Amino acid sequence: MSSATEGATEARRRTPAPARRSPNAPPASFLWTRRILLTFLAVFSAVPIYVMISSSLKPLQDVTGKFRWIPSGLTIRPYIDIWQTVPLAKYFMNSLIVSLAATACSVVVAVFAAYAVSRYRFRGKRLFTVTVLSTQMFPGILFLLPLFVLFVNIGNATGIALYGSRGGLILTYMTFTLPFSIWMLVGYLDSIPRDLDEAALVDGCGAVGALFRVVVPAAVPGIVAVAVYSFMTAWGEVLFASMMTNDVTRTLSIGLQGYATQTQVYWNQVMAASLVVSVPVVAGFLLLQRYLVAGLTAGAVK
């Protein structure tokens, strides 16, 4: 009997003790609720993407008929026809030129403006900062008519065609991307120690040299965040592109409307074209995601 008791005691000793729950760990109900909500959000986000992809691979008669979750037949013909139904390549090039130019101009101007606000004291600094940030309070449609009248009058007075040109659209997008870009970069540059600037000045660099040799390399995440924001804003803008462009300078956001005619809507081509034009933005976001998160977090915390 004693040997049996000793064996049971030895077995209990060898059995690992159950892991104790940390007192700071969230309750099990919270963990399950989080899992359910995240699963729901994942499904909610994935269903529209699946519908777009499946519809883009269907013949038109299957798309206009009763929707089926599992397609009866697949074809890549819509991805070929999208380039002939409308001049999608021209619209793609217009959007790419306008978005890249607006992004480059916004980043350059925002870097200089944010550096001046962050590093120098000057009269009207607070008024300038408040004015820049307050422009984000107004909807874009309020600026549509004033910009239209301004561009037309400049064209009549100087002969510089801003209305209906890529240059006019680039200036229009800069009026919306610059305020937020400056505000975000000011917050990021404030988080960079000023000792770096002073060390560069001691080494013989001027203010501009310190900016490009010291501050800009340290502010790469913030600059990338500004560039991504500017590009995405210009790439998907619809309101001003519909009023400030013509048949030659039309961008993708307006060109996609060409798949809808008076008698037919090519839904499979619309889905295919939407996926194609989303590739640059999605690819750029995935490549620059870590810089974007770091830049937005630093600016927001500051």
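Annotations for the structure displayed:
- Chain lengthening between Phe30 and Leu145 when straightened (0.36 nm per residue, less Cα-Cα): 36.3 nm
- Summary value for the chain: 27 percent relative contact order, contacts being C-alpha pairs under 8 angstrom separated by 6+ residues.
- Helix-only [θ]222 nm of the chain, DSSP H runs n ≥ 4, -39500 (n - 2.57) each, per residue, nearest 500: -22500 deg cm²/dmol
- Ranked by how many other beta carbons lie within 10 Å on average, peptides 149-158, 49-58 from highest: 49-58, 149-158
- Nearest-0.05 FRET efficiency for Ala260 and Val208, computed from C-beta distance (R0 51 Å): 0.50
- Within the accessible area of the chain (1.4 Å probe), percent carbon and sulfur: 69
- Taking a ≥ b ≥ c as the square roots of the Cα gyration tensor eigenvalues, the chain comes out oblate, since a/c reaches at least 1.5 and a/b does not exceed b/c.
- Between Phe122 and Ala89, the modelled label-to-label distance comes to 4.7 nm, taking each label 7 Å out from Cα in the direction of the beta carbon.
- One Cα centroid belongs to the stretch 119-161, the other to the stretch 195-232; the line between them spans 26 Å.
- Thr64 paired with Met52, simple spin-label distance in nm, labels 7 Å along Cα-to-beta-carbon: 2.4
The values are calculated or read from the model by the stated rules, or taken from the named source; none is laboratory data. As the structure is a computational prediction, the values presented were derived from the model and not from experiment. All Cβ positions, glycine included, derive from the backbone under ideal geometry; neighbour counts span all protein chains shown. Keep in mind that these areas ignore ligands, DNA and RNA; they rest on the heavy atoms of the full protein, side chains included. Shrake-Rupley method; radii C 1.70, N 1.55, O 1.52, S 1.80 Å.
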